[in-house]
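Take a look at the structure set out below.
The values are calculated or read from the model by the stated rules, or taken from the named source; none is laboratory data. For clarity, every value in this text was computed on a predicted model and none was experimentally measured. Ideal geometry is used to build each Cβ from the backbone, glycine not excepted, and the neighbour counts take in all protein chains shown.
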Amino acid sequence: MNQYKLLISYDGTGYHGWQFQKNQQHTIAGVLIRTFKKTFGHECSLLGASRTDAGVHAYGQVACLRSVFSLDAKLLLDGFNRALPNEILIRDIEKDNEFHPHVGVVQKKYVYHFFTQTPLPFYHRFGYFIDQKCDLKKLESALRLFIGTHDFRSFITIQQGDGSEEKETTLTIDDISLSFISQMGAYRITILGKSFMRHMIRRIVGASLEIACRDTLENSVIIKALEEKKLLRPSLFTAPSQGLTLHSIFYD
């Protein structure tokens, strides 16, 4: 069995997330697996480092592809990319029989883009347009509350029967920062941490944006949720998926 390490970028618009689904939903991994078989005539398995949700993008997704098929990495890269749709690009392939995408992860970097003015048509698919006043100082203050180690149970999606009820929800966020990307005309929230749970980043961003955009909400709402695990889902906003991008994954 041959194993390859892949570095992948994709526009997640119109896809039902990364993970291959047996019900034939249109997913990134599903397209990669089917394209590999059609192009090279062999089956393959594919395991990604992160299961990005429907509509979420990636600049630096990392995956492991396994197949009995063997080909020089550069030839594999060229042939694969020629056959893939325009919204998916494999940036690099290397043969590595020891690599596992979940082992040795030191940090993951996600970015969330939002616009406070109507975005250019080149970028609107990659950010969330906020058509109301947003207090950036309040936003920064709210975001910084999440830095450190907390129980994030109030900020994740727990699905009955998938094992998430028993998963450890105490996680560490190394840093969160806010910057302005002039080329896009967008604000970028950068979040760094070793691991994240389903919808966690979008709920963190959504709660912070709610506080920044609504005069009636204060940081105490977030503090209470982190300390007392009060569920915010019924009352606070989940940021839309199109603003989120998996930027980078760092290994030791």
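Scanning the stretch 191-224 for residues that are under 24 Å from the mean Cα position of the chain (by Cα) and in a loop (DSSP other than H, G, I, E, B), we see that the one that is modelled with the lowest pLDDT is Arg198. Return the residues of the stretch 86-128 that are of a type in the set (A, V, I, L, M) and closer than 18 Å to Arg51 by Cα; say none if nothing qualifies. Ile88, Leu89, Ile90, Val103, Val105, Val106, Val111 - these are the residues of the stretch 86-128 that are of a type in the set (A, V, I, L, M) and closer than 18 Å to Arg51 by Cα.
Considering only the stretch 196-215, I want to know if a residue exists there that is over 23 Å from Gln107 (Cβ atoms) and surrounded by fewer than 15 Cβ atoms within 10 Å (Cβ to Cβ). Checked the stretch 196-215: at least one residue is over 23 Å from Gln107 (Cβ atoms) and surrounded by fewer than 15 Cβ atoms within 10 Å (Cβ to Cβ). Scanning the stretch 6-48 for residues that are at pLDDT 95 or above, surrounded by fewer than 20 Cβ atoms within 10 Å (Cβ to Cβ) and either closer than 22 Å to Gly104 by Cα or in the same structural domain as Thr157 (by TED's automatic domain parsing) (or both) yields Leu7, Ser9, Ser45, Leu47. Within the stretch 189-216, the set of residues being among the hydroxyl-bearing types (Ser, Thr, Tyr), touching a Lys or Arg at 6+ places or on another chain (Cβ under 9 Å) and more than 22 Å from Gly48 (Cβ to Cβ) comprises Ser208 only. Filtered by the rule that a residue be in contact with a strand residue (DSSP E or B) (Cβ under 8 Å, 6 or more places away or on another chain) and closer than 30 Å to Gly185 by Cβ, the stretch 135-160 gives Leu136, Leu139, Glu140, Leu143, Arg144, Phe146, Ile147. Going through (1) in a loop (DSSP other than H, G, I, E, B); (2) farther than 27 Å from Asp11 by Cβ; (3) in the same structural domain as Leu244 (by TED's automatic domain parsing) one by one, Cys134 falls short only on (2).
Of all residues in the stretch 3-50, those satisfying the criterion of being more than 17 Å from Leu77 (Cβ to Cβ) and of a type in the set (Phe, Trp, Tyr) are Tyr15, Trp18, Phe20. Is it true that some residue in the stretch 65-77 is touching a strand residue (DSSP E or B) at 6+ places or on another chain (Cβ under 8 Å), assigned to a loop (DSSP other than H, G, I, E, B) and loosely packed, with under 13 Cβ neighbours inside 10 Å? Looking for residues that are touching a strand residue (DSSP E or B) at 6+ places or on another chain (Cβ under 8 Å), assigned to a loop (DSSP other than H, G, I, E, B) and loosely packed, with under 13 Cβ neighbours inside 10 Å, one finds at least one in the stretch 65-77, hence yes.
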